[in-house]
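What follows is a single structure, written as structure tokens, with notes after it.
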Amino acid sequence: MLIPTPSVEQSANQRLSKHVDRTTTCTSVRLAPSKAPRASLLRPLKPRTFLSIRRHVNSFDKSTLTRTKEFTRPICAVRSEDVSSSAAASTFAELAAEAGLSESPDLLELGDGEFGRGLFATKDLPAGTLLLTIPLNLCMIAQREDAISVPGACWNELTSGTVTSWPRLRGFYDEYPLPWDVRLATALLDTMEGNSDSFWDRYSEWLPRAEELPCLVSFTEGALEELHDSELQQLGSADQATLRRQCSALDDQSAAPGSLVGNLQWGVACARSRAFEAAPGVFALVPLVDMVNHAFQDANADVQLALGSGASEEALLNMDGHFELRLKRDVAAGQEVLVSYGCNDFTNAQLLIRYGFVKQGNAFDRLSWDGYATWAMEQALLEGAGAEESDEVTDAEEEDEGEALPAVPELPHVSLRAVEAALSKQATAQGERWMRMKTQDASLKAGLGSLPASAHEARAEEELSAARMLRAYTQHLLTRCSTTLDIDLDIAVNGTPIEQQGLPDAQRLTAVQYRVERKTLLNRIDGMLETYINSLSA
């Protein structure tokens, strides 16, 4: 029997379309013009307005979907050559000098740290130090609706027909509007083929490779399965299906590295995870600054935008202004420069979709109950089928059964105050201080925040029934996982290999980290509901 719910892809796209903006703070490295690669690339800047910058990742906007134009030549594979840390560090310094960005090249260096490759201070630096200044005419800037400006080709120049570079980006012009992240991804593909701008041709060599990007849009089918989360797997599959539809005019529909779809997945993952929202609905890929990693706490730098004349959106698309990376706290030599992406209140699913990482002990993580109605409906149908086997059913009754659909079950709610009272009583009996647990225990906060809570306590029988149904669904989610939490912890901590072979390491390990946190949350919710059920049954 069909369940009267939206289609999987439709509901998945609706959930994926919910986006969250993030304020970005960055470490400071001073980059001042010293040698311009060409006259048109750098021009005198007269900043008049400073704006705070938001690092932004958004899913596909369904209202802008359109059939894409076929490329006129085959796509090249995303570059797969290894770029060592020392080579990347050398390239960082060379690029800064080539673009005329570095007055003090000895302030920063590229290196590997706790959060992967990032920027580090080479000496003790005081708060307020300007670390990098990146002219807008070195950035890729996309408006949400249709416009895009790239180095050497502002939007009005790109549409005039006088630009000879950026062939893939120009090839999409007749099919506008494409989503902003796909437009930026297309520009990145031009850089990978050496058909863009000399600075970006070099800079693209040390962008993350496809297999190093564990953003959901770039996950392989096997990696999606390793999440052990059917709802998130559906989100990833729906996102990738949307991207394939945007390439539907092309013959190559595979998602393998080197295919068009595979390369666009890489480009979209780069755009979403590295772009800043410079103004409402305007997104920018800012070279060098996008190497700065995120800190959930203790970010020591931030990013600001200095604009020239005109309205902010107009100045951005005309590439009139610059970005600044500036320290907001003292840093010591060897300390990594970190900013806040403004995602401290993201769930782990949101972090994975947008940035490709999860947070251990995330107090803002939440369990999604979107699958509850389908599960409850299936349970009701199974129970009904069992009852029918023991009863005689007339022909008329059989005909009636085919006509009526059962109502979609509503998600049960429990009294949060009553649940906390039961947990507090248990904590006191065990010698724990409830208020300290409530404020310091991240998984407890995540679990309490995940419960479908009602403002008022219902009758004991109704509370008990609701708690039992919620716990049954929680246990259902746990039993659907092919590994236990202990096995996942062993994989995450000790690097024990998993059965699924052939997955990119970054995706495999991120999937394991995600399911460790999810199962920890599920177990915590199960334990809380068990305590509440026992208190109601006593």
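What follows is calculated from the coordinates using simple rules that are stated; it is not laboratory data. Remember, it's a predicted structure, so these values are computed and weren't measured experimentally. Every residue, glycine among them, receives a Cβ derived from its backbone with ideal geometry; neighbour counts consider all protein chains shown.
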Once you have the Cα-Cα distance between residue 94 and residue 368, take 0.36 nm times their residue separation minus that, and quote the gain in nm to one decimal. 94.0 nm
The answer for the per residue Cα convex hull volume of the range 402-538, in Å³, is 172 Å³
Residue 335's amide H: which non-local residues (gap 5+, or another chain) put their own amide H closer than 5 Å, with H modeled 1.01 Å from N in plane and none for Pro or chain starts? 121
Separation of alpha-carbon centers, the range 129-159 and the range 406-469, rounded to whole Å: 50 Å
Evaluate the distance, in nm, between pseudo-label points positioned 7 Å from the Cα of residue 456 and of residue 145 along their respective Cα→Cβ axes. 4.8 nm
For the range 291-366, report the translational diffusion coefficient in µm²/s to the nearest whole number, using Stokes-Einstein at 10 °C, 1.306 mPa s, and a Kirkwood Rh over Cα pairs. 108 µm²/s
Applied in sequence order to the range 447-460, the curve 6.51 cos²θ - 1.76 cosθ + 1.60 (Karplus, θ = phi - 60°) yields integer Hz couplings, x standing for Gly and Pro, of x, 5, x, 7, 5, x, 10, 10, 6, 10, 7, 7, 4, 4
Which far-off residues, 5 or more places away or on another chain, put their amide H under 5 Å from the one on residue 341, with H placed in the peptide plane? 25, 295
Show me the ranking of peptides 116-126, 517-527 by mean Cβ neighbours inside 10 Å, starting with the highest. 517-527, 116-126
Non-local residues with an amide H under 5 Å from the amide H of residue 196, with H modelled 1.01 Å from N and Pro and chain starts lacking one, are 166
Checking the table 359/425; 328/519; 425/445 against a 27 Å threshold on Cα-Cα, which pairs fail? 359/425; 328/519
Please turn the phi angles of the range 337-347 into ³J(HN,Hα) values with the Karplus equation 6.51 cos²θ - 1.76 cosθ + 1.60 (θ = phi - 60°), one per residue in order, whole Hz, x for glycine and proline. 7, 10, 10, 9, 7, x, 10, 5, 9, 7, 6
